[in-house]
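The values are calculated or read from the model by the stated rules, or taken from the named source; none is laboratory data. The model shown is predicted, which means the values in this text are computed figures rather than measured ones. With ideal geometry, Cβ positions are generated from the backbone for all residues, glycine too; neighbour counts draw on all protein chains shown.
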Amino acid sequence: MSLAIDTSVDNFHLSLIPDQSLSDKDFITESEEKLSKQTILLTKGLTERQVKYRPLIMDRKACIINLVVNYGLSLQGLVSLNMSHIQFVRNTLVVRGENMIRNSSTNTIKLFQNL
C-alpha cells in the first residue's frame with residue numbers, strides 16, 4: 001500500500017558542521033571603531049560618582065580596544081593577561097598562545113612606540 005507521499009531529499013542539504021568562514025559582518029568598521037573610542041570619553045548619563053572615577057579607567061579601556069582592534073587579541077587572550085606578561089624594561093607585552101600556557105605561538109606588542 002502506498003500513500004503517495006513525496007519523500008525526495010534531493011533538494012535538502014544537511015550539514016553537521018556549520019559554515020564558520022568569516023565575512024565582513026564579523027569585523028567592526030572604521031566608524032564603529034571610532035565610535036567605540038569616542039564612547040570611552042563620554043560622561044553623559046553617568047552618576048556624579050561615575051564621572052569622578054571615569055578618568056581612572058579611560059586609558060585602560062582605550063588599551064583594551066587597541067589590543068583587540070589593532071593587534072587582533074581575542075577576548076580569551078585579553079582576560080588571560082596579567083602583570084607577568086608585561087616586560088617593563090623592553091616596553092613590551094608578551095602574548096602567548098590561546099591558552100597562555102603553551103608557548104606554541106607568542107606575539108610581542110610594543111607598548112610605548114614614542115619612547
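At a glance:
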item	result
Count of residues meeting criterion [in contact (Cβ under 8 Å) with a residue 40 or more places away in the chain and not in a helix (DSSP H, G or I)] in region 11-70	1
Failed item in (1) modelled with pLDDT of 90 or more; (2) under 17 Å from the mean Cα position of the chain (by Cα); (3) surrounded by 10 or more Cβ atoms within 10 Å (Cβ to Cβ); (4) of a type outside the set (D, E, K, R), with Val51 passing the rest	(2)
Subset of region 71-94 [part of a helix (DSSP H, G or I), under 21 Å from Ile28 (Cβ atoms) and either polar (S, T, N, Q) or touching a strand residue (DSSP E or B) at 6+ places or on another chain (Cβ under 7 Å) (or both)]	Tyr71, Gln76, Gly77
